[in-house]
Amino acid sequence: YFGTSILTDSDSFQDVVVKIQRPTYNKPFLGGFRNVSTGEEFHNAGSQTKPKKRPDKGIQLFCKETQTVVEKNKPQQTRNTTSTQMTKIGLYVSNMTDKLITPGKYFTAEEYHKRRLEAVIVLQKYFRRWHAINLVQNLKEKKRLRLALEAQEELRKKREKEDKLRREYEKKLNPKTKEDFELLYHDLELWVQEETERINRTLTGAERKAALCALLEEETQLIAYIEMHKLDANVENQQKAILHLLGKCAQPRRWKAYDGKITEMDTQNSLRGKELLEIYHSISTKDIPKDERTSVLLTLRCTVKEHECELTQEIVALIDREVDLMSREVKECNLEGLRKRICTLFLQYIKIPEYNPGIAGLLKVPQDPLKLYKNVYFCHSCEKYLASTEFPIPASSRTIGRCRSCYRLDNEARKRESYLKYRLILEDLRKSEVDYQDDSKIAFLVQLPDLQYLIEHIWNCQSALSACSDLYDLVMVRWDKQYEWSPWNTILLTKEEADAHLKLCNLQKTYEAPFIYRIEQKHIRAKNYFAQIPVMSSFLHRSNNQANAN
């Protein structure tokens, strides 16, 4: 606002207040001038005032461009100007190429849409037929593949079972390990029980006693044959153990680089071990020519003479004796005892860390006598002091008990049970727990007798689903895979059932209530048995707290 004076009459002025409204839009420039010295711009009065509003007629009006249609006229010329010519006097136009067009039957929009609908139905019919044919062919192909897969799986199971039976037969025919002899004694016990039942069922009186005496003599002969095989197997296994020990001494140092490549480096100790291994292998080889044998003995003599002691002096004396006897054409069979003595003494030479530094970390008996007082226990059965690893201590045991050899001897004499099946189940269980990578511990605390009790007395040696009693096909897995394995979180199933069980997400919806109740009862029985073990009690309390929290 500002005030100004307006001349009203010839000599009078009136003060008027003028209101200036600043528009929010950019006003158009309708003329004016600019002061050159100051640079100020002055606009004409028409640009200072607000335009006059048109009176409202109550009708919405539009501009001309929205009311009219733009029309455009453009002449067109046909491509062939002669086609526009007509026949007249003095001009003939041929009509041979003309076409006669007659109007067709007129059909309405309803008829048109009906015709389109019928065409669509025909198309859908053929498409559905084609889709059904493809679907059936796909189902047939899937069925064929499924049947082929099932047949292949059955063939694989059959082959595995045949291979397993063949391996068992070969183990019984040529026993090598302790498990093989366990199987032999177990089969012997089964045969004795069957024969005893047959004799008691069919014979009486003196005939029965005579048959039992004959059975006892036959059993004694079979035990003698088994022990003969065991002696031969012990000699062979001992030789393999010696070569395995010497092979460890000769192994180079290995480490894995950042790129995954394995680098090997021969040290002075590994080279020394490799040299002694080659010499031992040469002197223990039989049926070699005399020249090669003499060369090997001379190499051995040069090797042991590097260290002067009673052992090396005895070895040198035996070498000289064998060379002298070979020069006198003594038979090979008469030299076997002498050669065994040389091998035995040279093996003692190899096991001395002073002469073979690489053997120091592989010996069972430590070189420091003070270490013998640690982890050494007394077996009251064989009255020997043995390392703690020689005692099979079950999780429920409170004392050391007998050593492994005494347990094995007692089993061969009395029960003659085979623990191979339980050992395989325990190995599969521990491998599966390692794959979970959740710091599972209970599976590695449970020993073979504990697992045997769990399978025989709680699960009755059969699958919880199919009641399969073949222990070679059974495995123990977690009942709830979210928690670590334990005797109260396990189930005994076949391998196929275990794979399907571990894929389940909700056990309550998959299994029926009576089956779940029966499994829980077995878990309670396992808890009551393993709660007596001090080591297991802490894990049991922890699992109970987790269950209460859930």
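Exactly one condition in (1) farther than 25 Å from Glu150 by Cβ; (2) open to solvent by 40 Å² or more (accessible area, probe 1.4 Å) is not met by Lys495; state its number.
(1)
Taking Ser284 and the conditions (1) over 24 Å from Asp266 (Cα atoms); (2) free of Cβ contacts under 8 Å to residues at least 40 places away in the same chain; (3) not charged (D, E, K, R), which numbered condition does it fall short on, given that it satisfies the others?
(2)
Out of the residues in segment 333-355 that are more than 50 Å from the chain's Cα centre (by Cα) and open to solvent by 80 Å² or more (accessible area, probe 1.4 Å), which is nearest to Thr299 (Cα to Cα)?
In this case the residue turns out to be Arg341.
Assess whether Ile121 counts as being more than 30 Å from Arg416 (Cα to Cα), open to solvent by less than 100 Å² (accessible area, probe 1.4 Å), among the β-branched types (Val, Ile, Thr) and in a helix (DSSP H, G or I). Break it down into steps so the answer makes sense when it comes.
Working: more than 30 Å from Arg416 (Cα to Cα): yes; open to solvent by less than 100 Å² (accessible area, probe 1.4 Å): yes; among the β-branched types (Val, Ile, Thr): yes; in a helix (DSSP H, G or I): yes.
Spelling it out, Ile121 is indeed more than 30 Å from Arg416 (Cα to Cα), open to solvent by less than 100 Å² (accessible area, probe 1.4 Å), among the β-branched types (Val, Ile, Thr) and in a helix (DSSP H, G or I).
Does any residue of segment 167-176 turn out to be surrounded by 10 or more Cβ atoms within 10 Å (Cβ to Cβ), at pLDDT 90 or above and among the polar types (S, T, N, Q)?
Looking through segment 167-176, none of the residues is surrounded by 10 or more Cβ atoms within 10 Å (Cβ to Cβ), at pLDDT 90 or above and among the polar types (S, T, N, Q).
Only residues that are of a type outside the set (A, V, I, L, M), open to solvent by 100 Å² or more (accessible area, probe 1.4 Å) and modelled with pLDDT of 70 or more: list them for segment 8-36, please.
Phe13, Gln14, Asp15, Lys19, Phe33, Arg34
Please go through segment 136-160 and pick out each residue that is among the polar types (S, T, N, Q) and open to solvent by 100 Å² or more (accessible area, probe 1.4 Å).
Across segment 136-160, the qualifying residues are Gln137, Gln152.
May I ask you to list the residues in segment 441-464 that are assigned to a loop (DSSP other than H, G, I, E, B) and touching a residue at least 40 places away in the same chain (Cβ under 8 Å)?
Matches in segment 441-464: Lys441, Val446, Gln447, Trp459, Ala464.
Under the condition of being open to solvent by 70 Å² or more (accessible area, probe 1.4 Å) and assigned to a helix (DSSP H, G or I), which residue from segment 275-298 is farthest from Lys331 (Cα to Cα)?
Step one: filter segment 275-298 for residues open to solvent by 70 Å² or more (accessible area, probe 1.4 Å), giving 275, 278, 281, 286-287, 289-292, 298.
If we keep only those that are assigned to a helix (DSSP H, G or I) as well, we get 275, 278, 281, 290-292, 298.
Values: Glu275: 30, Glu278: 26, His281: 22, Lys290: 11, Asp291: 15, Glu292: 16, Leu298: 20 Å.
Among residues in segment 275-298 that are open to solvent by 70 Å² or more (accessible area, probe 1.4 Å) and assigned to a helix (DSSP H, G or I), the one farthest from Lys331 (Cα to Cα) is Glu275.
With the requirement that a residue be of a type in the set (S, T, N, Q) and within 19 Å of Leu493 (Cβ to Cβ), what does segment 423-466 give you?
First, pick out the residues of segment 423-466 that are of a type in the set (S, T, N, Q): 432, 437, 440, 447, 452, 460, 462-463, 466.
The answer is Ser432, Ser440, Gln452, Asn460, Gln462, Ser463, Ser466.
The values are calculated or read from the model by the stated rules, or taken from the named source; none is laboratory data. Just so it is clear, the structure is predicted and the values come from calculations on it, not from any experiment. Note that we place each Cβ from the backbone using ideal geometry, even for glycine, and neighbour counts take in every protein chain shown. The protein model used for the area step is the full one, side chains on, heavy atoms only, and it has no ligands, DNA or RNA in it. Shrake-Rupley method; radii C 1.70, N 1.55, O 1.52, S 1.80 Å.
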